[in-house]
1. Only one of GLY159, GLY152 is open to solvent by 10 Å² or more (accessible area, probe 1.4 Å), at pLDDT 95 or above and not in a helix (DSSP H, G or I). Can you tell me which?
2. Would you check which residues across the stretch 325-339 are in contact (Cβ under 8 Å) with a residue 24 or more places away in the chain and more than 16 Å from ARG127 (Cβ to Cβ) and list them?
3. I'd like to check something: does the stretch 168-186 contain any residue that is over 18 Å from ASN217 (Cα atoms) and part of a loop (DSSP other than H, G, I, E, B)?
4. Looking at (1) away from the ligand (no atom under 16 Å from the Cβ); (2) under 30 Å from ASN29 (Cα atoms); (3) open to solvent by 40 Å² or more (accessible area, probe 1.4 Å), can you tell me which one LEU275 breaks?
5. Here's a check for you: in the stretch 222-239, which residue that is without any contact (Cβ under 8 Å) to a residue 60 or more places away in the chain and crowded, with 20+ Cβ neighbours inside 10 Å is nearest to the chain's Cα centre (by Cα)?
6. Just to verify a result, which residue in the stretch 46-63, among those that are out of contact with any helix residue (DSSP H, G or I) (no Cβ under 6 Å at 6 or more places or on another chain) and in a helix (DSSP H, G or I), is surrounded by the most Cβ atoms within 10 Å (Cβ to Cβ)?
7. What residue, of ARG193, ARG113, ARG200, is at pLDDT 95 or above, of a type in the set (D, E, K, R), under 24 Å from the mean Cα position of the chain (by Cα) and not assigned by TED's automatic domain parsing to the domain that holds GLU92?
8. Restricting to the stretch 200-219, name every residue that is open to solvent by less than 40 Å² (accessible area, probe 1.4 Å) and under 15 Å from VAL243 (Cβ atoms).
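The values are calculated or read from the model by the stated rules, or taken from the named source; none is laboratory data. Small disclaimer: the values here were computed from a predicted structure and weren't measured. All Cβ positions, even for glycine, are placed from backbone atoms using ideal geometry, and neighbour counts span all protein chains on display. We work out accessible area using only protein heavy atoms, side chains counted, and drop any ligands, DNA or RNA first. Shrake-Rupley method; radii C 1.70, N 1.55, O 1.52, S 1.80 Å.
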Amino acid sequence: MMKTFALKGLTSAIAFSAIAGGASAAEINLYTTREPGLIAPLITAFEAESGNKVNTIFLKDGLAERVSSEGESSPADILMTVDFGNLIDLVEKGLTQPVESQALESAIPENLRDADGNWFGLSARARVLYAAKDLDIDSFTYEDLADPQYKGKVCIRSGQHPYNTALFADYVAHHGVEATETWLEGVKANLARKAGGGDRDVARDIMGGICDIGIANSYYVGLMRSGAGGPEQEEWGKAIKVVLPTFEGGGTQVNISGAAVARHAPNRDAAVSFLEFLVSEEAQEIYAKANFEYPVRQGVAADPIIASFGTLQMDTTPLTEIASHRAQATALAEKVGFDD
Ligand SMILES: [Fe+2]
């Protein structure tokens, strides 16, 4: 019942602002690196409810370069991408503008958005433990990865990949540089194979008996187990169990997909209303299920495959603070020869 009311309220609020603004339908230009299939259902729903039109420009990469080169005449209203590092890069390049919105602030946890409103997390992914099915393990800390009992048993991708940079940077935020170096040496000493490959290869190599445990992103389990990645990956997904690790005295490390309003957005108000729509219950459910990510809005259910991992207790370190340790994380991975 509550959900129906909330949606009706949102619909009429958008309809009202369109009329009150005097403009008929606005057009919003969305620049995104996300796969078209993930975004399409959201756009359809937003267009139907608001009467506005969304033009989508998919960019495999080079989002910042494109907007930069377009300069003041850029038609971009919204910049949508994955990884908080990419969003912070947009801010540092001066390509975003601050937005104040009660709807965005109340829907999105504080640590998953910029304090000045330059970017907002729209969905979350967690860095989780993949473990062999028969392994007797039901809780785990990131600190445990360096425990000598796991010598020769850990699989993980490159220590220079942005997913691990974010994890290592969060470790620095929790424990400082020196302790992180010691930890990384310990993790390196526990590796079953050279760090590398992708996150899904952790599941593959657990199935192949190369390793017992590894760290990888939560949504890949959805992509594998659902069969979206093909029958072979479905086997990998089913060969592992997932444990939500935490930092000692903290939570599970998360990253986001998110969006920013472009610095020179020609349709700023409509762009903000689209972002507000994206954190509505309706949109959060569509978005999270389409990409096997966690909704950022409280009370919206994740896909059943993702929900089966248990309740996510997110680490609450602000992403902006984690970002400030990225350079240290990269240097430490290099120093300990993580990928050698
Ligand atoms: Fe990924």
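1. Details: GLY159 fails: open to solvent by 10 Å² or more (accessible area, probe 1.4 Å).
Sole residue among the options that is open to solvent by 10 Å² or more (accessible area, probe 1.4 Å), at pLDDT 95 or above and not in a helix (DSSP H, G or I): GLY152.
2. Hits for the stretch 325-339 are GLN328, THR330, LEU332, GLU334, LYS335, VAL336, GLY337, ASP339.
3. Of the residues in the stretch 168-186, the ones over 18 Å from ASN217 (Cα atoms) are 172-186.
Retained after the next criterion (residues that are part of a loop (DSSP other than H, G, I, E, B)): 176.
Within the stretch 168-186, one or more residues are over 18 Å from ASN217 (Cα atoms) and part of a loop (DSSP other than H, G, I, E, B).
4. (3)
5. As a first pass, look at the stretch 222-239 and keep what is without any contact (Cβ under 8 Å) to a residue 60 or more places away in the chain: 224, 227-238.
Still in the list and also crowded, with 20+ Cβ neighbours inside 10 Å: 224, 236-237.
On the way: MET224: 18, TRP236: 22, GLY237: 20 Å.
Step by step, filter the stretch 222-239, then rank; the result is MET224.
6. By that ranking, first place goes to LEU63.
7. None of the other options fit; the residue is ARG200.
8. Once the filter is applied, which keeps residues that are open to solvent by less than 40 Å² (accessible area, probe 1.4 Å) and under 15 Å from VAL243 (Cβ atoms), the stretch 200-219 yields VAL202, ALA203, ILE206, CYS211, ILE213, GLY214, ILE215, ALA216, ASN217, SER218.
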